[in-house]
Structure formats: C-alpha cells, structure tokens
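Below is one structure; the comments refer to it alone.
We did not get these values from a lab; they are worked out from the coordinates using the rules stated. Worth saying up front: this structure is predicted, and the values here are computed from it rather than measured. For neighbour counting, all protein chains shown are included, and Cβ atoms are generated from backbone atoms with ideal geometry for every residue, glycine included.
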Amino acid sequence: MARILGVDIPRNKVVTVALRSIYGVGPKVAEEVLTKAGIDLNKNSNDLTEEEANNIRLLLEGEYTVEGDLRRQIGLNIKRLKDLGCYRGIRHRKGLPVRGQRTSTNARTRKGPAKAIAGKKSIKSMK
C-alpha cells in the first residue's frame, strides 16, 4: 500500500480514483499529476512502484496545495471572515448555511438534528 502525504492510498483501485483519497485532489488534479509523472491513467494502485509513488509525492508537494496545508488555509480563511464580522463570517459563527440557502426548511446538515421546542403544543380544535 502506497503512502503519499501521510495518507494510505487504497488498494485495488485505478490510480486516478485512488489518488482522490488525498484531501484537495479531485479527478482533474489526479489526472494532471499522473500525466506529468508519466504514469498510465488506468494502472492499478497495487502496481505502483516506489519510484512512481515518490514522483507523485514530489509533484503534489511542489505544485499543489493539498492535505494539511489546504486544511490550514481554509481554516484561516473562515477565521478571517469571522473576525471581520461580515455576513459570511456571522453565518459561520452561528453554524447556519453561508451561501444563501433557505433555513425555514432543510439546512439540517449545518443546523444539526432538530430539537423539540419546550412548551409548544399543537393547537386542537376547540368545541
């Protein structure tokens, strides 16, 4: 099993798919890295040699922002928005959707599981 940038690349997968397990590497970046390294796109991740894995590692470290650096950069960007007190920063602070989605229904991923409101009872028809 190849280990690139502190991430174990999955076995028995095509290399273009296996590289996507690295944070910040998607289909396009994986394809670019493999073509620059001169590795067949349909090669299996089990068949990677140490030299090929090292070439991939060097390309990712040199030309792309991935894994820890990317996580840190995104975290700092969010912190900057929070410190500025701009609309997006306030939404991040409150844990609400940032990009204009509705919140009266949906938005359960950002808001967390629904909580029951204490003392709220359904209105029954009075006769």
Between 0 and 90°, nearest 10: helix 67-84 axis offset from the chain longest Cα axis: 30
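How high is the relative contact order of the chain? Use alpha-carbon pairs under 8 Å, at least six apart in sequence, and give a whole percent. Intermediate values should be presented prior to the final figure.
Working: 118 pairs, mean separation 21.8, N = 127.
Once divided by the residue count of the chain, the mean separation gives 17 percent.
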Karplus-derived 3J(HN,Hα) from phi for the stretch 38-45 (6.51 cos²θ - 1.76 cosθ + 1.60, θ = phi - 60°), whole Hz, x at Gly and Pro, runs x, 10, 4, 5, 8, 5, 7, 5
Sort Tyr64, Tyr87 so that the residue with the fewest other Cβ atoms within 10 Å of its own Cβ comes first and the one with the most comes last. Tyr87, Tyr64
Residues Thr109, Thr35 arranged by fewest to most Cβ contacts within 10 Å: Thr109, Thr35
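Could you compute Rg(Cα) / (2.2 N^0.38 Å) for the chain, with N its residue count? Display every interim value, and only then the final one.
Numbers: Rg = 22.7 Å, N = 127, 2.2 N^0.38 = 13.9 Å.
Its radius of gyration relative to the 2.2 N^0.38 Å reference: 1.64.
What value, in deg cm²/dmol to 500, does the helix sum -39500 (n - 2.57) over DSSP H runs of n ≥ 4 give at 222 nm once divided by the residues of the chain?
Numbers: 6 runs with 59 residues, N = 127.
Calculated mean residue ellipticity at 222 nm is -13500 deg cm²/dmol.
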Listing Glu50, Glu63 by rising number of other beta-carbon atoms within 10 angstrom, fewest first, gives Glu50, Glu63
